Amino acid sequence: SQTILHDTPKTYNGYTPSNFDKGYQGPVRAGEALQKSLNIPAVSIISELGVDIFYQSWQEAGLVLKLPKNSNLNVGIALGAVGTRLHDLVQAYSSLANEGNIVPLIYEKLRPNVKTSRQLDKLLTRNSAEEILEILASSENIDGRASRVIKSSFKTGTSYGYRDSWAIGIKGSYVIGVWAGRPDGTPVPGQTGRNVSLRLANDIADKLYSKKII
């Protein structure tokens, strides 16, 4: 989280990423870059790591990434130039609270002590998962009633043109994922992950808390 990254203009084979606010922070610590959703450091990291390694790690963890037709892997996948499902994003975030291991989604309430048959898939190291969880927990959040007593670690996102807004994270013993948008992909100007999806995620947590599920 303390690694210094550079939020400055960069071009990758003709592709020049920009931040949501079109500004630049200059030297910035990795934890702060994640909290502020800075795009340029994210692309820089995936460029150094290797797009193929990122893609392969995701696939090996049993998660789906779908490339647009007739397109190839490129650093743009750091900012959403690839398709995935809310189902897979929620499973991926479950690894943050489970020592880097993905917990399969359950669509119906299980009886006590009933375990899923699927073996847990590894996405992150335990240390990486714990550090990311702490970074997200220390970022500015929107409080709900449950937030007063339950630790939360959410990441929000807004796609190009306000077509999708996301909020996915950990609240207590639950992973909560919210997508907001229109099925036909029509833009909803001003609708962001923070002002729409994160508020709904907190409403969901409050509902769980009010029913004493958490």
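What is the extension gain from GLU48 to LYS151, computed as 0.36 nm multiplied by their sequence separation minus the C-alpha to C-alpha distance, in nm to one decimal? Intermediate results must be reported in sequence, preceding the final value.
Numbers: separation 103, 0.36 × 103 = 37.08 nm, distance 3.25 nm.
Contour length minus the Cα-Cα distance gives 33.8 nm.
Amide H to amide H, with H built 1.01 Å from N, ARG29 comes under 5 Å of LEU5, counting only residues 5 or more places away or on other chains. Shape call for the stretch 1-98 from the C-alpha gyration tensor, a ≥ b ≥ c root eigenvalues: rounded (a/c under 1.5), prolate (a/b greater than b/c) or oblate? Taking the square roots of the gyration eigenvalues as a ≥ b ≥ c, the stretch 1-98 is oblate. The helix-only estimate of mean residue ellipticity at 222 nm for the chain, built from DSSP H runs of length n ≥ 4 each weighted as -39500 (n - 2.57), is -8500 deg cm²/dmol after division by the residue total.
Percent of accessible area on the stretch 1-69 owned by carbon and sulfur, 1.4 Å probe? Carbon with sulfur: 53 percent of the solvent-accessible area.
Think of the chain as a dipole: +1 on every Lys or Arg Cβ, -1 on every Asp or Glu Cβ, centred on the Cα centre; then among THR156, LEU120, ALA205, ALA205 lies furthest on the positive end. Rounded to whole numbers, the Karplus 3J(HN,Hα) couplings from phi for the stretch 31-36 are x, 5, 4, 5, 4, 8 Hz, using 6.51 cos²θ - 1.76 cosθ + 1.60 with θ = phi - 60°, and x at Gly and Pro. Principal-axis analysis of the Cα atoms of the chain puts helix 51-60 at an angle of about 20° to the longest axis. Placing unit charges on the Cβ atoms of the charged side chains and taking the dipole of the chain about its Cα centre, the candidate lying farthest along the positive direction among ALA33, ASN19, ILE102 is ILE102. Across the chain, C-alpha contacts under 8 Å between residues 6 or more apart give a mean separation that, scaled by the residue count, equals a relative contact order of 14 percent. For the stretch 14-26, 3J(HN,Hα) computed residue by residue from phi via the Karplus equation (6.51, -1.76, 1.60; θ = phi - 60°) reads x, 9, 10, x, 9, 7, 4, 8, 6, x, 9, 9, x Hz, glycine and proline entered as x. Computed from backbone phi with θ = phi - 60° and the Karplus coefficients 6.51, -1.76 and 1.60, the 3J(HN,Hα) list for the stretch 121-136 is 9, 8, 10, 9, 6, 4, 5, 5, 4, 5, 5, 4, 4, 5, 4, 5 Hz; x is used for glycine and proline.
Solvent-accessible area per residue in the chain equals 60 Å², computed with a 1.4 angstrom probe and all protein chains kept. Rounded to the nearest 20, the Cβ-based charge dipole of the chain about its Cα centre (Lys and Arg +1, Asp and Glu -1) stands at 760 debye.
Length gain on complete extension for the stretch GLN2 to LYS122, per 0.36 nm per residue less the alpha carbon to alpha carbon distance? If you can, show how the numbers build up before the last one.
Values: separation 120, 0.36 × 120 = 43.20 nm, distance 2.45 nm.
Contour length minus Cα-Cα distance gives 40.8 nm.
Within 10 Å, at most 12 other Cβ atoms, and a DSSP state outside H, G, I, E, B define an exposed site. Report the longest part of the chain free of exposed GluC sites (Glu not before Pro).
Answer - 1-107.
The values are calculated or read from the model by the stated rules, or taken from the named source; none is laboratory data. Computed from a prediction, not measured in an experiment: that's the story for all the values here. Heads up, the Cβs are rebuilt from the backbone with ideal geometry, glycines too, and the neighbour counts pull from every protein chain shown. Accessible surface areas use protein heavy atoms only, side chains included; no ligands, DNA or RNA. Shrake-Rupley method; radii C 1.70, N 1.55, O 1.52, S 1.80 Å.
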